[in-house]
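Taking it in order: structure first as structure tokens, then the write-up.
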Amino acid sequence: MSNSLRGFKDWLEGPARDVASEHPRINLVRGAVARLTTPLLPDDYLHLVNPLWSARELRGRIVNVRKETDDSVTLTIKTGWGFASTYEAGQYVGIGLLIDGRWTWRSYSLTSVPDMGHGRGPREVSITVKAMAEGFLSSHLVTGVTPGTVVRLQAPAGDFTLPDPLPPKVLFLTAGSGITPVMAMLRTLARRGIPAGTDIVAVHSAPDADSTLFREELEAFDAAHDNVRILLRYTRESGRLTPDNIGSVVPDWTERQTWICGPGAFLNDLEKAWEGRGIARNLHQERFTVERADVSASGGEVVFAKSGKIAEVDGATTLLEAGERAGAAMPFGCRMGICQTCVVQLIDGQTRDLRSGQLHTEGERIQTCIAVAVGDCTLDV
Ligand SMILES: Cc1cc2nc3c(=O)[nH]c(=O)nc-3n(C[C@H](O)[C@H](O)[C@H](O)COP(=O)(O)OP(=O)(O)OC[C@H]3O[C@@H](n4cnc5c(N)ncnc54)[C@H](O)[C@@H]3O)c2cc1C
Ligand code: FES
């Protein structure tokens, strides 16, 4: 391709370059639509044809809401143009909902089986959400969302996935809603077929039978596979799974590649056990919440320089949340301090890392999803 042709292609693609897409050509078409319809917004035209089409962002529509337990639902989402259905089991997706005029974003593990036909399969994904006490978006998703709702999506991401080929001995340890990424893995393994030489043990903890997500499916999965053992542990009867009793539940746990997901305290305990045995390399974990250190920060006035927005924040609100509320164009991914997508430069002032308590000063690059303001500060975003 000549330089001028490449330059023209780059220009055409420009408006959609940052949109995650499974085929590079899709972004070329998106960008071309954007260019052709400028100065009018291309989304205005696309939206008229189909609300799931957007030249600038990934969208989806909730097509089904299924109650799983008293406080959890599975949402099936029909995905729009450009959403890569060839994600990996165990990955999560960012989902944004318009509530009271503001887009609110959270991450949820996909519980559906990825399309293994290279993008030609059904364009639906699912997530399973457990309402957290006083949790803003999870409560809304569990009790207030109806089929037909259009949502914004981010491309699937995350490295809590299984290797191919599978190791000979696999262990899954999950608790509560932490079963979700592992459910996607089990469903995907069932669809693909579990190799005869692989031995899988899964221990899932929940308070009791009624509050156990996917209970019947897990029991059926256990019954259907000779080389899979699924143990449901009801903590009100049997107590929690801890480093002290894991040996009696899974005697060969130290020999297994292990994937864990659940509440922070559960993960911390297991992490210590694996570290104590010097086998931390065998452990793969997904955290749903940020482990906050005992951090004190005063908050202050935050200036989002490029967006021209200003917010007054307390010492507990992350700069990402503050920026979003103020209407600044904040980049983000996991919202958990993992992916680095939210990193911006601190032009002036000081911030503190919520996990480590580390103080950051002028000129440093900070992760806004886990940073709080220590006095007035200015961000280059
Ligand atoms: C990679 C990843 C995958 C995930 N997958 C899933 C999944 O599959 N299923 C699932 O259910 N969740 C999942 N989560 C968690 C999910 O992203 C949300 O964090 C969760 O649903 C809570 O969101 P929320 O808006 O309801 O809670 P928020 O409103 O953000 O509140 C979070 C917590 O803070 C507490 N809180 C809120 N306000 C206050 C206050 N003023 N004072 C004190 N405490 C307060 C709430 O009680 C709650 O416990 C995942 C998270 C990540 C990072
Ligand atoms: S959004 Fe992933 S590190 Fe901040």
- Query: Under a straight-distance cross-link criterion of Cα-Cα below 19 Å, which lysines are reachable from LYS130, leaving out those fewer than 8 residues away in the same chain?
  - Reply: LYS67
- DSSP-loop chymotrypsin sites (Phe, Trp or Tyr not before Pro) across the range 194-264, with at most 12 other Cβ within 10 angstrom: none
- Item | Rough spin-label spacing in nm, given labels placed 7 Å along Cα→Cβ, for GLU275 and ALA209 | 3.9 nm
- Note on the structure: With a ≥ b ≥ c from the Cα gyration tensor eigenvalues, square-rooted, and the rule rounded for a/c under 1.5, otherwise prolate when a/b > b/c and oblate otherwise, the range 111-197 is oblate
- How much FRET efficiency would the formula 1/(1 + (r/R0)^6) give for VAL65 and GLU219, where r is the Cβ-Cβ distance and R0 is 30 Å, rounded to 0.05? 0.80
- Item | Top positive-direction residue, dipole computed over the range 108-208 with Cβ charges, set PHE136, ALA184, PRO207 | ALA184
- Task: With a/c under 1.5 counting as rounded, go ahead and sort the range 300-379 into rounded, prolate or oblate using the C-alpha gyration tensor (a ≥ b ≥ c being the square roots of the eigenvalues; past the cut-off, prolate if a/b is larger than b/c, else oblate).
- Result: rounded
- Task: Go ahead and run the numbers for FRET between ASN268 and SER238, Cβ-Cβ distance against an R0 of 22 Å, rounding to 0.05.
- Result: 0.60
- Sorted by packing (mean other beta-carbon atoms within 10 Å per residue), highest first, where do 170-178, 81-89, 225-233 land? 170-178, 81-89, 225-233
- Could you size up the charge dipole of the range 58-157 around its Cα centre, putting +1 on the beta carbon of Lys and Arg and -1 on that of Asp and Glu, and report it in debye to the nearest 20? 360 debye
- Message: For a test of the definition: using alpha carbon positions, the gyration tensor, and the 1.5 limit on a/c, classify the range 228-363 as rounded, prolate or oblate.
- Response: prolate
- Query: So if we plug the beta-carbon distance of ALA316 and ARG102 into 1/(1 + (r/R0)^6) with R0 = 22 Å, what FRET efficiency do we get, rounded to 0.05?
  - Reply: 0.75
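Coordinate-derived values only; no laboratory data. Nothing here was measured: the structure is a model prediction, and the numbers come from that model. With ideal geometry, Cβ positions are generated from the backbone for all residues, glycine too; neighbour counts draw on all protein chains shown.
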